[in-house]
1. Quick check on segment A:46-71: of everything there that is among the charged types (D, E, K, R) and in contact (Cβ under 8 Å) with a residue 60 or more places away in the chain, which residue is farthest from A:Leu24 (Cα to Cα)?
2. Name the residue that is nearest to the chain's Cα centre (by Cα), counting only residues in segment A:159-170 that are in a loop (DSSP other than H, G, I, E, B) and under 18 Å from A:Ile201 (Cα atoms).
3. Could you tell me whether segment A:122-144 includes any residue that is at negative phi, away from chain B (no Cβ under 14 Å) and in contact with a Pro (Cβ under 7 Å, 6 or more places away or on another chain)?
4. Return yes or no: is A:Asn151 within 14 Å of chain B (Cβ to nearest Cβ) and either touching a helix residue (DSSP H, G or I) at 6+ places or on another chain (Cβ under 9 Å) or assigned to a loop (DSSP other than H, G, I, E, B) (or both)?
5. Is segment B:68-84 home to any residue that is touching a Gly at 6+ places or on another chain (Cβ under 6 Å), in a helix (DSSP H, G or I) and hydrophobic (A, V, I, L, M, F, W, C)?
6. Just to verify a result, which residue in segment A:160-191, among those that are of a type in the set (Ser, Thr, Tyr) and under 26 Å from B:Leu24 (Cα atoms), is nearest to the other protein chains (Cβ to nearest Cβ)?
7. Looking at A:Ala9 and the list (1) in a loop (DSSP other than H, G, I, E, B); (2) open to solvent by less than 40 Å² (accessible area, probe 1.4 Å), which single condition is not satisfied?
8. Can we say A:Ser23 is closer than 19 Å to A:Ile87 by Cβ and part of a helix (DSSP H, G or I)?
Amino acid sequence: MGTHRKQFAVIGLGTFGSSVAQSLEKLGSQVLGIDRDEERVQDMAPVITQAIVADATEDKALRSLGLKEMDGIIISIGEHMESSILITLLLKELGAKNIMVKGLSELHGRVLAKVGADRVLFPEQDMALKLVESLVSPNILEEIQLSPDYNIMEIVSPKDFTGKTMKSLELRAKYGVNVIAIKKKVPFLTDGGDTDFKEEINIAPAADDEVNDGDILVIIGKNADLDVLKNL
Amino acid sequence: MPPPDKKKKDAPPAKKQGNDIIELGKFYFLNGKLDEALQEFNKALALEPHNAEIHYNLGLIHESKNDRDKAQESYKTALSFNPAHKLSQEHLNRLIGINPTPQNS
């Protein structure tokens, strides 16, 4: 009942592919996993909707899988550039939508775009960039670029903010940014009498909500305004 | 007639005092007073430097303040004194990014 469950195919069930497949399934999508390697398929079979052994570079095999109807297809093939190029081309000819392909190099990415990939993914480069950012500015935990001018940023709440309410901080008036969420570590006592905390997220905090020591603020705003806040 | 409160009397003074300080530290932590909690656990540590529970709680405070390096160090120290300290292991694993165990809630 209710909303239509999205359907995705993941071709290539290596480290990246299987992570994508599992996460999609966990978030409520139906996932078809495809790999040439029987062992990999068997590993994934219990955790995704369907896992099958097939050679996706074969036109006939690909046609029999009903991939045209999928909401998206992720191609994640490790070492063979030509395989992912070929599969992208075949899928495009089939009329498949939303083809996302893991690129192995910049040149490979350009070829993939030429043959019709809707999106080229570089997970290692993305992760490297994130790691570098976290090393250079440890207070910024996450940054999502919305447009060249606007970003969403996660920052550790500056010490001065502790104990103040959203209203009294006046972030919109003073810095021109909006807090869209506050991530909190909420302490509690376990059944065994030990202290621990759990992470909770307060979406769209109200004017009276207080900022506590160690809170993480999720802020949206212009890059220039966010830069000011970063350096507080 | 046995003396009342025998158990309390038998505890060594440092241990008893340490326990009181730990309880106070936990109280502060549970109320979000991280700086005060930190102070108490540091006091407790001076009395019982090999107590895994104290190091674990210091880890919690550092992690709550988003100081991941210090938190990791505290959890590792806790585990060095008590390798079976489950909560320290869980928090440490999560900070390192391996084997994420879901938090009990």
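The values are calculated or read from the model by the stated rules, or taken from the named source; none is laboratory data. None of the values given here were measured: they were computed from a predicted structure. Ideal geometry is used to build each Cβ from the backbone, glycine not excepted, and the neighbour counts take in all protein chains shown. With ligands, DNA and RNA removed, areas are computed over all heavy atoms of the protein, side chains included. Shrake-Rupley method; radii C 1.70, N 1.55, O 1.52, S 1.80 Å.
1. Ranking the qualifying residues of segment A:46-71, first place goes to A:Glu69.
2. A:Thr162
3. No, segment A:122-144 contains no residue that is at negative phi, away from chain B (no Cβ under 14 Å) and in contact with a Pro (Cβ under 7 Å, 6 or more places away or on another chain).
4. Details: within 14 Å of chain B (Cβ to nearest Cβ): no; either touching a helix residue (DSSP H, G or I) at 6+ places or on another chain (Cβ under 9 Å) or assigned to a loop (DSSP other than H, G, I, E, B) (or both): yes.
It is false that A:Asn151 is within 14 Å of chain B (Cβ to nearest Cβ) and either touching a helix residue (DSSP H, G or I) at 6+ places or on another chain (Cβ under 9 Å) or assigned to a loop (DSSP other than H, G, I, E, B) (or both).
5. The initial filter retains those residues of segment B:68-84 that are touching a Gly at 6+ places or on another chain (Cβ under 6 Å), namely B:71, B:74-75.
Imposing the further condition that a residue be in a helix (DSSP H, G or I) reduces the set to B:71, B:74-75.
Restricting the remaining residues to those that are hydrophobic (A, V, I, L, M, F, W, C) gives B:71.
Yes: one or more hits.
6. First, pick out the residues of segment A:160-191 that are of a type in the set (Ser, Thr, Tyr): A:162, A:165, A:168, A:175, A:190.
Next cut, under 26 Å from B:Leu24 (Cα atoms) only: A:162, A:190.
Numbers: A:Thr162: 9, A:Thr190: 7 Å.
Looking at the filtered set, the residue picked out is A:Thr190.
7. For A:Ala9, the exception is condition (1).
8. No; evaluated as a whole, the condition is false for this residue.
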